[in-house]
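Notes follow once the structure below has been shown.
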Amino acid sequence: MEQRHLGRTGLRVSRIGLGTLTWGRDTDEHDAAEQLKAFWDAGGTLVDTADVYGGGEAEYLLGRLMERLVPRRDLVLSTKAGSVPDPDRRTDGSRGHLLAALDASLARLGTDHVDLWQLHAFDPHTPLEESLQALDIAVRSGRARYAGVANFCGWQLAKAGTWQLCGDRTRLAGAQLEYSLLQRGVEREALPAAMDLGMGLLPSSPLGRGVLTGKYRSGTPADSRGASETMAPFVEPYLDDAASRIVDAVTTAADGLATTPLHVALAWVRDRPGVTAPIVGARTARQLTTALSVETLSLPDEICRALDDVSAPVHRYPDHDWSTL
């Protein structure tokens, strides 16, 4: 698999990443092992997790698999901290919480460092410079090699990235945000900010939460995430008429290229400007292997333009280029 630099750093990662959102909850150890082995065999290196995935079980499971299945040195481990299971306060970006969470992540993963450590979300109750200081401490202490953020909007990303370029601080290497043909909101401000500040984008849900595969066109399959009690609310927003028109266009493009909607949707986001590596989560190793076979596909320019047009987000003042108004 092709390797790419994450932003303007020396960190190289596979241009498709493996997501572990469901590990330890819907994905058991056997299925997780098959996925990790298939990913490694395909040349994948970037594995993304978080301290809250499966209540910590995703990290614990990944740590066990590295002990006996895939060498730690062959993987680029990315984890996140700051999201908390508290309905009254969903984020905790305090320095104390973040550093304690990192130590707990390292213990579960069975390693002395992660390659990329990210703030999972912006915390409006903590000064941003305090949260960012935790990233500096983590890198200086060797517990993290690189740092980034996730789920920051445009102004938050610009502020964080600019702050980290001042003085003796750790440059933000990457930003993880949802990005797909069904969710192009990052193109308004977050993606331009990331590119300007030298951060590589790591798109989450690049298949539109599974909808872009086309499997929901005739209803909700019984074995899909949309039929899961925990994941149905996650999928439901992308089952409207606007999404249906985009899925139809992706399916038409796939038919013309003799490939699948999954491959068309994944290739589109993988090769967008500023993107380093989409993070793909799968239910089974077979699904993952199918997704990874996108490696040889490059979409023709006319297909990209057609997909751009049908999925184009509305950019209004002041997001739009002022000179064109």
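The values are calculated or read from the model by the stated rules, or taken from the named source; none is laboratory data. Source: prediction; values computed, not measured. Cβ atoms come from the backbone with ideal geometry, glycine included; neighbour counts cover every protein chain shown. Note: areas computed on protein heavy atoms with side chains; ligands, DNA, RNA excluded. Shrake-Rupley method; radii C 1.70, N 1.55, O 1.52, S 1.80 Å.
Of note, residue 115 satisfies the criterion of being touching a residue at least 12 places away in the same chain (Cβ under 8 Å) and part of a strand (DSSP E or B).
When we screen 284, 290 for residues that are within 14 Å of residue 38 (Cα to Cα), without any contact (Cβ under 8 Å) to a residue 40 or more places away in the chain and either surrounded by 22 or more Cβ atoms within 10 Å (Cβ to Cβ) or in contact with a Ser or Thr (Cβ under 9 Å, 6 or more places away or on another chain) (or both), the only hit is 290. Of all residues in the stretch 172-185, none are among the polar types (S, T, N, Q), part of a helix (DSSP H, G or I) and under 23 Å from residue 319 (Cβ atoms).
Inside the stretch 147-163, can you point out the residues that are buried (at least 22 other Cβ atoms within 10 Å of the Cβ) and over 16 Å from the mean Cα position of the chain (by Cα)? Within the stretch 147-163, 160, 161 qualify. The residue list 112, 74, 41 contains one member that is open to solvent by 20 Å² or more (accessible area, probe 1.4 Å), touching a Leu at 6+ places or on another chain (Cβ under 7 Å), farther than 24 Å from residue 205 by Cβ and at pLDDT 95 or above, which is 112. When 167, 198, 142 are screened for being surrounded by fewer than 24 Cβ atoms within 10 Å (Cβ to Cβ), at positive phi and at pLDDT below 95, only 167 passes.
The condition of being farther than 20 Å from residue 205 by Cα and exposed (fewer than 12 other Cβ atoms within 10 Å of the Cβ) holds for only one of 306, 258, 242, that being 258. Restricting to the stretch 273-300, name every residue that is under 14 Å from residue 207 (Cα atoms) and not hydroxyl-bearing (Ser, Thr, Tyr). Within the stretch 273-300, 277, 278, 279, 280, 281, 282, 283, 287, 288, 291, 292, 294 meet the criteria.
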